[in-house]
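Undergrad: A single structure is presented below for examination.
The values are calculated or read from the model by the stated rules, or taken from the named source; none is laboratory data. Just so we're clear, the structure is a prediction, and the values are computed from it rather than from any experiment. Note that each Cβ is placed from the backbone with ideal geometry, even for glycine, and that neighbours are counted across all protein chains shown. When the accessible area is computed, the model is the full protein with side chains, heavy atoms only, and any ligands, DNA or RNA have been set aside. Shrake-Rupley method; radii C 1.70, N 1.55, O 1.52, S 1.80 Å.
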Amino acid sequence: FRLKQLEARFERAGRYVGEALPPNAVVFTSWESGSVRFYSGRRTVVWDVLDPAWLDRAIAYVRMRGLEPYLLFERWEEPLFRRRFAGSPLGGLDWPPAAEIASQVRIYRPDDRERYLSGTQAPTAYAR
């Protein structure tokens, strides 16, 4: 009977992306890729098929095209991302997320990393 509540995270995350992220957002995600595209209409990049050496290049390419990159994970995906992209500064996810949805999904803004490391912390938004 909890399945509906558990699976609602897909809709919640997709709708949050559509409402809170800018129209030029590109979301690097895996498990949530379909729901993000469906509920938000935002572009997605599936990170778990991206070559481990290409994360930084992919982020740079997105920025060069005038788009804003975001990273979206279910909590259980974060350790997998960290292992896959251990050679990238962004791969460590060593800064607070920009948003947390239903305590299950987190969104990171790569631009927040440098700010955080220099002592400026952006607040995390919490959505149910």
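Undergrad: Anything in region 55-66 that is under 13 Å from the mean Cα position of the chain (by Cα) and open to solvent by 30 Å² or more (accessible area, probe 1.4 Å)? List them, or say none.
TA: Matches in region 55-66: none.
Undergrad: Restricting to region 110-128, and then to whatever is in a loop (DSSP other than H, G, I, E, B) and in contact with a Pro (Cβ under 8 Å, 6 or more places away or on another chain), can you tell me which residue is surrounded by the fewest Cβ atoms within 10 Å (Cβ to Cβ)? Reasoning before the result, please.
TA: Step one: filter region 110-128 for residues in a loop (DSSP other than H, G, I, E, B), giving 110, 118-124, 128.
If we keep only those that are in contact with a Pro (Cβ under 8 Å, 6 or more places away or on another chain) as well, we get 110, 121-122, 124.
Numbers: 110: 21, 121: 11, 122: 14, 124: 14.
By that ranking, first place goes to 121.
Residues checked against (1) in contact with a Leu (Cβ under 7 Å, 6 or more places away or on another chain); (2) of a type in the set (A, V, I, L, M, F, W, C); (3) free of Cβ contacts under 8 Å to residues at least 12 places away in the same chain:
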{"site": "60", "(1), (2), (3)": "no, yes, yes"}
{"site": "66", "(1), (2), (3)": "no, no, no"}
{"site": "71", "(1), (2), (3)": "no, yes, no"}
{"site": "88", "(1), (2), (3)": "yes, no, no"}
{"site": "98", "(1), (2), (3)": "no, yes, no"}
{"site": "107", "(1), (2), (3)": "yes, yes, no"}
{"site": "117", "(1), (2), (3)": "no, yes, no"}
{"site": "121", "(1), (2), (3)": "no, no, no"}
{"site": "128", "(1), (2), (3)": "no, no, no"}
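Undergrad: Looking at residue 102, is it open to solvent by 20 Å² or more (accessible area, probe 1.4 Å), in contact (Cβ under 8 Å) with a residue 60 or more places away in the chain and touching an Asp or Glu at 6+ places or on another chain (Cβ under 8 Å)? Break it down stepwise before answering.
TA: On the way: open to solvent by 20 Å² or more (accessible area, probe 1.4 Å): yes; in contact (Cβ under 8 Å) with a residue 60 or more places away in the chain: yes; touching an Asp or Glu at 6+ places or on another chain (Cβ under 8 Å): no.
Considered against the rule, which asks whether it is open to solvent by 20 Å² or more (accessible area, probe 1.4 Å), in contact (Cβ under 8 Å) with a residue 60 or more places away in the chain and touching an Asp or Glu at 6+ places or on another chain (Cβ under 8 Å), residue 102 comes out as no.
Undergrad: Do we have residue 77 as closer than 26 Å to residue 7 by Cα and either in contact with a strand residue (DSSP E or B) (Cβ under 8 Å, 6 or more places away or on another chain) or not in a helix (DSSP H, G or I) (or both) here? Please lay out each step first, then the result.
TA: Details: closer than 26 Å to residue 7 by Cα: yes; either in contact with a strand residue (DSSP E or B) (Cβ under 8 Å, 6 or more places away or on another chain) or not in a helix (DSSP H, G or I) (or both): no.
No; evaluated as a whole, the condition is false for this residue.
Undergrad: Quick check on region 91-105. Is at least one of its residues in a helix (DSSP H, G or I), of a type outside the set (Val, Ile, Thr) and on the phi < 0 side of the Ramachandran plot?
TA: Yes: region 91-105 contains one or more residues that are in a helix (DSSP H, G or I), of a type outside the set (Val, Ile, Thr) and on the phi < 0 side of the Ramachandran plot.
Undergrad: Right, something else. Is region 31-46 home to any residue that is farther than 20 Å from residue 8 by Cα, modelled with pLDDT of 95 or more and open to solvent by less than 80 Å² (accessible area, probe 1.4 Å)?
TA: Scanning region 31-46, I find at least one residue that is farther than 20 Å from residue 8 by Cα, modelled with pLDDT of 95 or more and open to solvent by less than 80 Å² (accessible area, probe 1.4 Å), so the answer is yes.
Undergrad: Next question, about the same structure. Out of the residues in region 13-27 that are in contact with a helix residue (DSSP H, G or I) (Cβ under 9 Å, 6 or more places away or on another chain) and in contact (Cβ under 8 Å) with a residue 40 or more places away in the chain, state the one that is most open to solvent (accessible area, probe 1.4 Å).
TA: Out of the qualifying residues, it is 16.
Undergrad: Would you check which residues across region 67-96 are among the hydrophobic types (A, V, I, L, M, F, W, C), open to solvent by less than 30 Å² (accessible area, probe 1.4 Å) and more than 12 Å from the chain's Cα centre (by Cα) and list them?
TA: 85, 95
Undergrad: Okay, moving on. Any chance you could count how many residues in region 36-47 are touching a strand residue (DSSP E or B) at 6+ places or on another chain (Cβ under 9 Å) and assigned to a helix (DSSP H, G or I)?
TA: 4
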